[in-house]
1. Give me the net charge for the shell around Asp195: Cβ to Cβ below 13 angstrom, other residues only, Lys and Arg +1, Asp and Glu -1.
2. Tell me, how many Å apart are the Cα centres for the range 101-115 and for the range 152-229?
3. Step through the residues of the range 12-25 one at a time and calculate ³J(HN,Hα) from phi using the Karplus curve (6.51 cos²θ - 1.76 cosθ + 1.60, θ = phi - 60°), rounding each to whole Hz and writing x for Gly and Pro.
4. Springs between alpha-carbon pairs under 10 angstrom, Gaussian network model over the chain: which of Val60, Val93, Val138 fluctuates most?
5. Over the range 4-262, calculate the relative contact order: mean separation of alpha carbon pairs under 8 Å at least 6 apart, over the residue count, as a percent.
6. With only alpha-carbon pairs counted, each pair once and no self-pairs, how large is the Kirkwood hydrodynamic radius of the range 169-261 in angstroms?
7. Say a site is exposed when it is one of the trypsin sites (Lys or Arg not before Pro), sits in a DSSP loop, and has at most 13 other Cβ atoms within 10 Å; what is then the longest site-free stretch of the chain?
8. Just flag the GluC sites (Glu not before Pro) in the range 33-85 sitting in loop per DSSP whose Cβ has no more than 14 other Cβ atoms within 10 Å.
Amino acid sequence: MNPVTVIEGTSPIILGHPHSGTWVPEEVLATLKPEAHGLADTDWHISELYEGLVPGATVVRANFNRYVIDANRPPDGASLYPGQNTTGLVPLVDFEGQPIWLVEPGEGEIARRLATFHGPYHAALRAQIERVRQLHGVAVLYDCHSIRSTLPFLFEGRLPDLNIGTNSGTSCDPEIGRAAVIACEAVDRFSVVLDGRFKGGWTTRHYGNPAGGVHAIQMEIVQDCYLASEQAPFAYSPEKAAPLRDVLAEVFEQIRLTIGDIA
């Protein structure tokens, strides 16, 4: 299987899907604990959730699972949230703090996965950012994520439904982050926070360069907003997703309008 799927579009908006993949090569699966084979920490059904919301959007999707290697972590493995529980470049534990490997990958194996999976994903992302920026003079990288609502190992209590990350306002023009918040707050159904527990992962922080015409923003969505259940089999619920998709469509419309104002 190709580690990355790219759908080229004509919009200034690029949708990054670093964590929705479910492919685990057989040689990697053989070293995972059986209880980790369910891949519970996947950003489930992101493609379905965002399908058709941005006409002409470019999509860059990692097909490999984050247990293989995390495409939203820096290649040197540095922590994105020093002092807080998190998972690493190749996670050793799951989102509940439980070990996931029968045999933990060593340095050589991690280097192989960097070259085979992480590197190609980011090469594709860089190429699309540059292509879109050349087309429009600006590119907006919108990184699509989801997570279970309650994970005590990672955060206290229940997350807000919609978690917008702009690396504290540095990864995109502040007006883009503000536009996303306003669109989310226009309905009472979903709670929203800007730069709360999730400020944006490595993708947002690494590529966001507003002065250079590249604006990066992350959206972390609580899975209870669109899944039938946050437990296996993590089925997609079109009925629950419908009002969320309406909000996300408005987020993209407001981002589109804001791009026109700041370009």
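1. In short, +3.
2. So the separation of the two Cα centres works out to 30 Å.
3. x, 9, 10, 9, x, 10, x, 10, 8, x, 10, 7, 10, x
4. Val93
5. 21
6. 14.4
7. Counting only loop sites that pass the neighbour cut-off, the longest clear stretch is 1-157.
8. Here the sparse-neighbourhood loop sites are Glu51.
Every number in this text was worked out from the coordinates using simple rules, so none of it is lab data. Please read these numbers as outputs of a predicted model, since none were measured by experiment. Note that each Cβ is placed from the backbone with ideal geometry, even for glycine, and that neighbours are counted across all protein chains shown.
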